[in-house]
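See structure below.
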Amino acid sequence: MASKLGELLVKEGIITPSQLEEALEYQRLHGGRLGSILIKLGFATEEQVTSVLSRQYGYPYINLSKFELSPKVKEWVPAEIARKYMLVPVDRAGATLTVAMADPTNLYAIEELKFLTGLNIQPAVASESSIIEAIEKLYGSEHEIEVKEEMEDIMGESMDEFADLDLEAEDLEMVEEEEEADVRTLSKEAEEKPVVRLVNLILREAINRGASDIHIEPYEKELRVRYRIDGVLHPVMTPPLRMKDGIVSRIKILSHLNIAEKRLPQDGRIKMKVKTDEGRKKEVDMRVSILPTIFGEKVVIRILDRDQLRLDLTQLGFEPESLEKFQKAIKRPWGMILVTGPTGSGKTNTLYSALSTLNTPEVNIMTAEDPVEFNLYGINQVHIREDIGLTFASALRAFLRQDPNIILVGEIRDFETAEIAIKAALTGHLVLSTLHTNDAASAVTRLINMGIEPFLVATSVVAIVAQRLVRRLCNKCKEPADVPPQVLIELGFTPEEAKNVTVYKPVGCKHCNNTGYKGRIGLFEVLEVTEEIQELILSGASSAEIRRKAIEQGMITLRRSGLEKIKQGITSIEEVVRETVKY
């Protein structure tokens, strides 16, 4: 059958007889489909191969990238057959099944499909790359299938071991209070082979998928595992509820926590070496938080993967004007720089990047963090432990006796910490810290509301950065979107920009796990405290007045930063609207 395709291509003048011979020889040595070999060797393009097949056999051509496949179609053709013959079921009409094929001349594949389905097969032609993408979208990637099979294997092993628990669980309709389990039972459950394998699988897959957090959540009738990837939670598996205690106990043992304590929250850490999909080993730190809920203990694991940490300020997403202001601020010998934004907006990464820029043998840098997320060479990092009295305020007092040049305070939470930090900024130290506010201007009123005098804020704070993280569009599959100019103007674009800007939308492919997004980038708003803004602070101006003055002086707002990312085709309208507001 393969030679028929080759003969057709020779007849059409697309390849020469010698090229066909070379491709057939390659096929004999290495295997594979002739069409893909010809494309690989550069003798023909995908379009030429599919066009010839379509014309010669009268089969319709299907562009699968623009065809929405129903999940039901995978019931008609098993995944292994689809991969074996490079085909994908498209639609069924009565007793006829339409199948997109890379090589519709393969009669063996058509006959096997007839036998398996009991239906008439109507071939259609599609490019091999689009079929591969459609198969992965429909059935999942081979890696996902392997993970699913491993999960099923683990579950199969556990069925016999937990059979008695199943019977007991079926007899119970409602439990008022969770039974106390002794340490010996919990330890035994935690060391059961299926539990150990399942926890290892959960941790390994999260790292390989680039997840930032793992959520293991018990509910009344199910146990759910979700990964946060690029800021969005994705359900990945639902292990049997009977394994709940074993999984939590295993994680507690790895985190050096008390497995007998099930009534109080606990925090721990896991440090482990993981073998990645590329085959290399890397060291990963994990922060573990365990919280008792009404149906059991919920576990959240924050993955601190140093490979994901970018310490280059130019790669974070600053606009050139904003970056210039921020770099000017961090090069000052004294003063306070604040980075604001909600949890998970990348504040720590921005601060670490600033410290990395400033980290030279000539300066003494000290940090107080809760917790220390990444170890940075040449920087003295202190882990805050409020349970023993080591607070941000007490650490700051100690720092001032350690001859520092630059101080990083993980977060300003109260008046005492804010007061010491501002005094340090006024006595010749550069102080970097974070606040939880919605925008840069609101940080001023937040400090004043804490009890700091306006004249201290005006004279100590030199710059405030507000930031958000938005997902990057996948470069492999993003497509232009048809958005009316009026909608773009309402977003914040000028009428001139609205006429010329090309907006892109997410599509989804195997490269981005069919989400349409791959990775994240920051949106930044840098407020430089100029003399005019100092006067506004001293006069008790509102955050809205301070913001207006800053915009007059050229501040790029978070929304404007997002619009610039849309213009550059980096992110989508939905992401910017989700994270920013128009002023």
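Worth a mention:
- Scanning the stretch 3-56 for residues that are free of Cβ contacts under 8 Å to residues at least 40 places away in the same chain, open to solvent by less than 80 Å² (accessible area, probe 1.4 Å) and among the aliphatic types (A, V, I, L, M) gives Val10, Ile14, Ile15, Leu20, Ala23, Leu24, Ile37, Leu38, Leu41, Ala44.
- For beta carbons closer than 6 Å, sequence separation of 6+ or different chains, a first residue in the stretch 386-405 that is in contact (Cβ under 8 Å) with a residue 12 or more places away in the chain and a second that is surrounded by 10 or more Cβ atoms within 10 Å (Cβ to Cβ) and among the acidic types (Asp, Glu), the qualifying pairs are Ala393/Glu416.
- Qualifying helices (runs of 4 or more DSSP H) (wholly inside the stretch 467-583; at least 1 residues being of a type in the set (Ser, Thr, Tyr) and open to solvent by less than 50 Å² (accessible area, probe 1.4 Å)): 543-552, 558-567
- Test: residue in the stretch 205-222 that is exposed (fewer than 14 other Cβ atoms within 10 Å of the Cβ), without any contact (Cβ under 8 Å) to a residue 24 or more places away in the chain and not acidic (Asp, Glu): yes
- Filtering Gln315, Gln266 for residues that are polar (S, T, N, Q) and within 20 Å of Val248 (Cβ to Cβ) leaves a single hit, Gln266.
- The set of residues in the stretch 57-72 being over 30 Å from the mean Cα position of the chain (by Cα) and surrounded by 17 or more Cβ atoms within 10 Å (Cβ to Cβ) consists of Tyr59, Ile62.
- Entry remark, the stretch 435-466: residues being part of a strand (DSSP E or B) and buried (at least 24 other Cβ atoms within 10 Å of the Cβ) number 4 in total.
- Within this structure, Gly492 passes the test of being on the phi > 0 side of the Ramachandran plot, touching a helix residue (DSSP H, G or I) at 6+ places or on another chain (Cβ under 7 Å) and modelled with pLDDT of 90 or more.
- Complete set of residues in the stretch 394-434 that are assigned to a helix (DSSP H, G or I) and of a type in the set (Lys, Arg): Arg397, Lys423
- Within the stretch 97-116, the set of residues being over 16 Å from Ser70 (Cβ atoms), hydroxyl-bearing (Ser, Thr, Tyr) and open to solvent by 20 Å² or more (accessible area, probe 1.4 Å) comprises just one member, Tyr108.
- Some residue of the stretch 473-496 being hydrophobic (A, V, I, L, M, F, W, C) and under 30 Å from Ile412 (Cβ atoms): no
- Taking the stretch 391-408 as the range and being surrounded by fewer than 16 Cβ atoms within 10 Å (Cβ to Cβ) and either under 28 Å from Asp285 (Cα atoms) or charged (D, E, K, R) (or both) as the test, the residues that pass are Arg397, Ala398, Arg401, Asp403.
- Take the conditions (1) touching a His at 6+ places or on another chain (Cβ under 7 Å); (2) basic (Lys, Arg); (3) closer than 25 Å to Ser345 by Cβ; Arg472 misses just one of them, which is (1).
- Residues within the stretch 336-348 that are open to solvent by less than 40 Å² (accessible area, probe 1.4 Å) and over 13 Å from Phe524 (Cα atoms), tallied: 2
Quick grid of which residues meet (1) modelled with pLDDT of 90 or more; (2) surrounded by fewer than 16 Cβ atoms within 10 Å (Cβ to Cβ); (3) polar (S, T, N, Q):
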site	(1), (2), (3)
Leu309	no, yes, no
Ser322	yes, no, yes
Lys331	yes, yes, no
Leu351	yes, no, no
Tyr377	no, yes, no
Gly410	no, no, no
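- Per-region count, the stretch 192-232, residues at pLDDT 90 or above, over 20 Å from Asp285 (Cα atoms) and part of a strand (DSSP E or B): 4
- Qualifying residue in the stretch 88-106 (condition: outside any loop (DSSP other than H, G, I, E, B), modelled with pLDDT of 80 or more and over 41 Å from the mean Cα position of the chain (by Cα)): yes
- In the set (1) free of Cβ contacts under 8 Å to residues at least 12 places away in the same chain; (2) closer than 27 Å to His511 by Cβ, Arg83 fails one condition alone, (1).
- Within the stretch 279-299, tally of residues that are surrounded by fewer than 17 Cβ atoms within 10 Å (Cβ to Cβ) and either modelled with pLDDT under 85 or over 13 Å from Lys252 (Cβ atoms) (or both): 7
The values are calculated or read from the model by the stated rules, or taken from the named source; none is laboratory data. These numbers were taken from a predicted model, which means no experiment stands behind them. Here Cβ is always computed from backbone atoms with ideal geometry, including for glycine, and neighbour counts include all displayed protein chains. The area values use the complete protein model at the heavy-atom level, side chains included, leaving out ligands, DNA and RNA. Shrake-Rupley method; radii C 1.70, N 1.55, O 1.52, S 1.80 Å.
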